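Novice: Structure provided below as C-alpha cells; questions to follow.
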Amino acid sequence: MITIPHKTKQFLVLLIKLLIVGGAFYFIYNQLANNDKLDWQKFIVLFQKNQSVGGIAFILLLSVLNRFFEILKWQNLVEFIHKISLSEATKQVLGALTAGLFTPNGVGEYAGKALFFDKSNTKKVIFLNLICNGIQMILTVIFGIFGLLYFNAQYHIITTQTVTLLFGMLLLVSIVLFSIKKITIKGYSIEKLIHKINEIPKRIHQKNLFFGLCRYLVFSHQYYFLFLAFDVNLPYLTLIAAITSVYFLASSLPTFQFLDFAVKGSVAVYFFGILGVNEWIVIFISTLMWFLNVVLPVTIGTYYVLNFKVLSPTLSKEEGDEIL
C-alpha cells in the first residue's frame, strides 16, 4: 500500500479546495457575464422605477429562509447518527452545496456532506441525504402535478385523453414497483429500502416533511413576489400553477447546479410565454432566483470549503455498522 507523506496530502487537499472554489466562481461569472439574453439596461430601468428597500429586504429574507429550512432539515435528519449544532449543520449544507455546484444533479453534494463525518458513517450520510432531497422532490412532484392540471384546465395545452393516459401509465408503474419490491439486485431491494426508512424515528420524518414543505412554500412564493416586482399582474392561482409546473418539469431534467437557472429559465419561458409574459422578464427572474438561492449560499460555502479539515479515521464497531 502506497503511503502519501503528510505534507503532500495537505497540499493535495489545499489544491482540491482551490479547484472547487475557483471552479464555482468561474462558472458563476461565466453564466452571468456571457448570457446574451440578460438585458441589464432594462433591468436597471425597472429596478429604479420599483426600487424599495423593504421589498429588497423581503426578497433577501426569503432566500435566507429557503436555505435555513434546508439546514434545519439536515440537522434534524443527522440526529439519526448523532446530534449536531445549527452552526455545524450550516457548515455541512453550504460546504456541500459549493462542492456540488458543477456536478451532475448536485451529486457532489452527497460526497461533500459525507466528508464531514467519519468514513464508517459514509453510507448513512448518503442515505440521509437521499431522504433529505427525496422529500423535496416528492413535494415538487405533488404540487407540480396539481399545478399542471390547473394550468392545463385553463389553457388546454394537452387533451383530456393525454392526461388520462399519463395518469394510467403512472398508476401502472406504481403497481409494477409494488409487485417487484421483494426482488433483490446486488443486495438492494425496494422492500429493504422501505425497511431502512422505517428505522428512522417517525418524529424525524414528520419534521423532515414540515421543513421541506416550508422550504417549498418559501422559494415558490419568492418566485411569485419577483414576478409582482416586475409588474407581472396575473391571478394568484394561475401564477402559482405556472411556477409549480416549471419546478416540477425542470427538476425532472438531468442538469448541473450551475446550469439550474438556464434549465428552469427555458421551461419558464414556455409556460409564461403562454401567459403573455415578456421573455426577458422570465429569464431575469430565473437568473435572480439562481443568484439569490445558489450563488449567495455558495459564496458563503466557499469559506467552509477553504477551512475544511479532513477527519482522522477513528473506527469503532458501533460506528462501522452500515445502514444499507
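Novice: Taking only protein heavy atoms and a 1.4 Å probe, what accessible area per residue, in Å², does the stretch 82-148 have with all protein chains in place? Spell out each step's value before the answer.
Specialist: Working: 2670 Å² over 67 residues.
About 40 Å² of surface per residue is accessible.
Novice: Express the carbon and sulfur contribution to the solvent-accessible surface of the stretch 66-115 as a percent, rounded to the nearest whole number, probe 1.4 angstrom.
Specialist: Numbers: 1120 of 1710 Å².
C and S fraction of accessible area: 66 percent.
Novice: Here's a follow-up. Leaving ligands, DNA and RNA out of it, work out the accessible area of M169 with a 1.4 Å probe and give it in Å² to the nearest 10.
Specialist: Here the residue's solvent-accessible area equals roughly 110 Å².
Novice: Starting from the Cα gyration tensor of the stretch 47-164, take the square roots of the eigenvalues, sort them a ≥ b ≥ c, and report rounded, prolate or oblate (rounded when a/c is under 1.5, otherwise prolate if a/b is larger than b/c, else oblate).
Specialist: Working: a/c = 2.56, a/b = 1.38, b/c = 1.85.
Oblate, since a/c reaches 1.5 and b/c is not below a/b.
Novice: Moving on to the next point. Find how much the distance from F291 to N198 grows on full extension, using 0.36 nm per residue of separation minus their present alpha carbon separation; answer in nm with one decimal. Before the final figure, lay out each step's value.
Specialist: Working: separation 93, 0.36 × 93 = 33.48 nm, distance 3.69 nm.
Full-extension gain reported as 29.8 nm.
Novice: If you don't mind, another one. Which of the peptides 202-208, 144-150 is most tightly packed, and how do the rest follow, judged by the mean count of other Cβ atoms within 10 Å per residue? Present the calculation step by step, with values, prior to reporting the outcome.
Specialist: On the way: 202-208: 14.3, 144-150: 18.7.
In decreasing order of mean packing, 202-208, 144-150 become 144-150, 202-208.
Novice: At a 1.4 Å probe radius, which order do V64, V294, V176 fall into by accessible area, largest first?
Specialist: Details: V64 95, V294 15, V176 70 Å².
The ordering from most to least exposed comes out as V64, V176, V294.
The values are calculated or read from the model by the stated rules, or taken from the named source; none is laboratory data. Since the model is a prediction, treat every value here as computed from it, not as a measurement. Ideal geometry is used to build each Cβ from the backbone, glycine not excepted, and the neighbour counts take in all protein chains shown. We work out accessible area using only protein heavy atoms, side chains counted, and drop any ligands, DNA or RNA first. Shrake-Rupley method; radii C 1.70, N 1.55, O 1.52, S 1.80 Å.
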